[in-house]
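What follows is a single structure, written as structure tokens, with notes after it.
The values are calculated or read from the model by the stated rules, or taken from the named source; none is laboratory data. None of these values were measured; they are calculated from a predicted model. Note that we place each Cβ from the backbone using ideal geometry, even for glycine, and neighbour counts take in every protein chain shown.
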There are 2 protein chains.
Amino acid sequence: MENPVLVEATRGNEVESRHRGAVSVVDAEGASVLAIGDVECRVFPRSAVKALQALPLVEGGFAKKYRLTDAEIALACASHSGEPEHVATAASMLKKPGQPPACLECGSHWPLNEEAARALAVSGQTPTALHNNCSGKHAGFICLACGLGADPKGYVKPEHTVQHAVRTALEDLTGASHTPDARGTDGCSIPTYGVPLPALAFGFARFGSGVGISKSCARAAGRIRSAVAKHSFMVAGTGRFDTAIMERFRERVFVKTGAEGVHCAALPELGYGIAVKCDDGTKRGAETVMASMIARFLKLNEADSGFLAGFFQKPIQNWNGITVGEVRPTEALADGNA
Amino acid sequence: MENPVLVEATRGNEVESRHRGAVSVVDAEGASVLAIGDVECRVFPRSAVKALQALPLVEGGFAKKYRLTDAEIALACASHSGEPEHVATAASMLKKPGQPPACLECGSHWPLNEEAARALAVSGQTPTALHNNCSGKHAGFICLACGLGADPKGYVKPEHTVQHAVRTALEDLTGASHTPDARGTDGCSIPTYGVPLPALAFGFARFGSGVGISKSCARAAGRIRSAVAKHSFMVAGTGRFDTAIMERFRERVFVKTGAEGVHCAALPELGYGIAVKCDDGTKRGAETVMASMIARFLKLNEADSGFLAGFFQKPIQNWNGITVGEVRPTEALADGNA
């Protein structure tokens, strides 16, 4: 089934490249507000659901037990750029249950932020697991394991207590089954489950509004959203979409990217959740769609409107800084039926 | 018009992402050997046509005049990774007509090769135009300008003598008009012209075989192909597709990537030219298609077959080196009518 072209990249007078995808917007009652493309097929949400994966940590009282700061809670939801503050925060999280960085099972990679990667090299270091964009999430898992009195070793495995708790939280929020046949392995080695976009959107609607979930879960969600709104730098980093959007809109928007062209958001004041999948897996496609969606639904003054437009009507500049084209949404993105 | 899905990226049991595109294979007489998808619309070939853009330099006798080495001729066709040898070779090219690096008008960027970028930072340097992946092509343009007795200043502009000559070469090889209405500006600031895939494929068929072009042009093409076959490292770099393919197949395959999911090739022994455009502009899509196409047409022994299969049946590994999925061609890539 063909998803419509949602985003175009132009050069001169021509459309040079095109991105197809699907979008689902659902309210906290589960009613579809908008559906574009094939919203029935399963999508691995990847990192987009990190905040939901952090619910057991907070709801279980372990953020309180280990006196996690708001910055640390925000990092538990992060796909961070590996800048010094991110790395330091991940390290500080692990100290609280007294676990060494070696306990992290996410693997290592150079910081996503290129300047930070170069600075690390200049300092004579090579990256550790702390630099991995998922290190905050994993530090949160370590805290969860220790809080539950479980041996953290093997916490990435589907059968570990931590992943049981995480899967339960995802099922509770989305209402979708997370069974072994729908399971893949994520970049950081934890399980990821294929789930239809409307279920993801529903999960975010509930995460954002607290409607339809237990009081303790709603409180935990609120704590997470507040922490992220105060520390949006932690969730991504310098020059990153999620950080920029949330630094501007604070608790009005919770937005989170996932690998392979996934992007999810909650708009708490509307009780809406948004889930986007760009077919080809590109960030360029997904971010343009997400920015358009936020602009479509959130009530914006002129300044905020202009700010957001910069994310979905984006000049393409060449190596000399000359504007040679633009990335823009298509008409198809203005459509979409409930 | 919908192009078919040509490439899938899987995770676990699911297809996670999909790449659509079009492919044209044409012989040196201009007959279509294969056409998949919409091969009528115009495509900016971007860097894929660098070797054709280098024809005036060689055919005009300026490679000889400036005693350019094979490595330098190869670099004139390159989208190089900015590794030390690339940078040094671009610098040495400019010395020959006695022009300073400041004459390059491509702009600067950090080396495409991340390790080289970090090493550059560690050495305390910041990138210059020499590190730009197009610096060899531009050094070649400087040599062309000087050889033609023209002031190199402004050599990137459409109206400059250099770009006139380059456009003429592209028109001669492809048989397609390169007019202002079809023009965009490339990443490195020179003009790029939208051309249908079969015309690009035709250009490469002629570039590879020498059929249907003047004797002097055929000789120049042969010189370029020979230089590239000997110095395939120059055309791209460490771990890069084009370098790996040509290091293996030498003069049997001339292959060149272009930005936004373009890939072109010549198979001289068959007199074929291949042109690929991945709709969404991704390298992942285009390289998988190109590797499949080479495997489909080139007569291969078992070892070469296995080698090439590694480029179109590619495991996806996570940060811990665990295989979590694969990138693979679809059935649609096995189809295609003349």
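Given the structure, is A:ALA265 under 18 Å from A:PRO198 (Cα atoms) and either surrounded by fewer than 24 Cβ atoms within 10 Å (Cβ to Cβ) or of a type in the set (Gly, Ala, Ser) (or both)?
Numbers: under 18 Å from A:PRO198 (Cα atoms): yes; either surrounded by fewer than 24 Cβ atoms within 10 Å (Cβ to Cβ) or of a type in the set (Gly, Ala, Ser) (or both): yes.
Spelling it out, A:ALA265 is indeed under 18 Å from A:PRO198 (Cα atoms) and either surrounded by fewer than 24 Cβ atoms within 10 Å (Cβ to Cβ) or of a type in the set (Gly, Ala, Ser) (or both).
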Would you confirm whether any residue within the range A:245-253 is within 14 Å of chain B (Cβ to nearest Cβ) and aliphatic (A, V, I, L, M)? no
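Taking into account only those residues within the range A:137-156 that are within 21 Å of A:GLY258 (Cβ to Cβ) and within 14 Å of chain B (Cβ to nearest Cβ), which is nearest to the chain's Cα centre (by Cα)? Steps first, please.
Looking only at the range A:137-156, we keep the residues that are within 21 Å of A:GLY258 (Cβ to Cβ), and these are A:137-141, A:144, A:155-156.
Add one more test, that the residue is within 14 Å of chain B (Cβ to nearest Cβ), and what stays is A:137-138, A:155-156.
Working: A:LYS137: 11, A:HIS138: 15, A:TYR155: 21, A:VAL156: 19 Å.
That would be A:LYS137.
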Quick one: A:LEU144 ticks every box in (1) of a type outside the set (Gly, Ala, Ser); (2) surrounded by 15 or more Cβ atoms within 10 Å (Cβ to Cβ); (3) touching a Cys at 6+ places or on another chain (Cβ under 8 Å) except a single one, so which number is it? (3)
For the range B:109-121, which residues satisfy the criterion of being within 7 Å of another protein chain (Cβ to nearest Cβ) and small (Gly, Ala, Ser)? B:ALA117, B:ALA121
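Answer yes or no: is there a residue in the range B:208-220 that is more than 30 Å from A:VAL324 (Cα to Cα), in contact with a strand residue (DSSP E or B) (Cβ under 9 Å, 6 or more places away or on another chain), modelled with pLDDT of 95 or more and polar (S, T, N, Q). Steps first, please.
First, the residues of the range B:208-220 that are more than 30 Å from A:VAL324 (Cα to Cα): B:208-220.
Still in the running and in contact with a strand residue (DSSP E or B) (Cβ under 9 Å, 6 or more places away or on another chain): B:208-209, B:211.
Of the ones still in play, those that are also modelled with pLDDT of 95 or more are B:208-209, B:211.
From what's left, polar (S, T, N, Q): B:209.
Yes: one or more hits.
Kindly indicate whether B:ILE322 is surrounded by fewer than 21 Cβ atoms within 10 Å (Cβ to Cβ), over 24 Å from B:SER32 (Cα atoms) and touching a residue at least 24 places away in the same chain (Cβ under 8 Å). Outline the logic, then answer.
Working: surrounded by fewer than 21 Cβ atoms within 10 Å (Cβ to Cβ): yes; over 24 Å from B:SER32 (Cα atoms): yes; touching a residue at least 24 places away in the same chain (Cβ under 8 Å): no.
Spelling it out, it is not the case that B:ILE322 is surrounded by fewer than 21 Cβ atoms within 10 Å (Cβ to Cβ), over 24 Å from B:SER32 (Cα atoms) and touching a residue at least 24 places away in the same chain (Cβ under 8 Å).
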If you take the residues in the range A:209-262 that are under 21 Å from A:VAL87 (Cα atoms) and of a type in the set (S, T, N, Q), which one is nearest to the chain's Cα centre (by Cα)? A:THR257
Could you list, in sequence order, all residues of the range A:271-324 that are among the hydrophobic types (A, V, I, L, M, F, W, C) and part of a strand (DSSP E or B)? A:ILE274, A:ALA275, A:VAL276, A:CYS278, A:ILE316, A:VAL324
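So how many residues does the range A:113-143 have that are closer than 25 Å to A:ALA51 by Cβ, assigned to a loop (DSSP other than H, G, I, E, B) and among the hydroxyl-bearing types (Ser, Thr, Tyr)?
Going residue by residue through the range A:113-143, those that are closer than 25 Å to A:ALA51 by Cβ are A:113, A:116, A:127-143.
If we keep only those that are assigned to a loop (DSSP other than H, G, I, E, B) as well, we get A:113, A:127-128, A:132-134.
Applying the additional criterion that residues be among the hydroxyl-bearing types (Ser, Thr, Tyr) yields A:128.
Final tally of qualifying residues: 1.
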Yes or no: A:ALA182 in contact (Cβ under 8 Å) with a residue 24 or more places away in the chain and either more than 30 Å from B:HIS109 (Cα to Cα) or within 13 Å of another protein chain (Cβ to nearest Cβ) (or both)? yes
Test: B:VAL166 is within 14 Å of another protein chain (Cβ to nearest Cβ), crowded, with 24+ Cβ neighbours inside 10 Å and either among the β-branched types (Val, Ile, Thr) or in contact with a Ser or Thr (Cβ under 9 Å, 6 or more places away or on another chain) (or both): no
Tally, over the range A:300-311, of residues that are without any contact (Cβ under 8 Å) to a residue 60 or more places away in the chain, closer than 21 Å to A:GLY273 by Cα and either touching an Asp or Glu at 6+ places or on another chain (Cβ under 8 Å) or among the polar types (S, T, N, Q) (or both): 1
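Assess whether B:THR89 counts as being within 13 Å of chain A (Cβ to nearest Cβ) and of a type in the set (Val, Ile, Thr).
Numbers: within 13 Å of chain A (Cβ to nearest Cβ): no; of a type in the set (Val, Ile, Thr): yes.
No, not satisfied.
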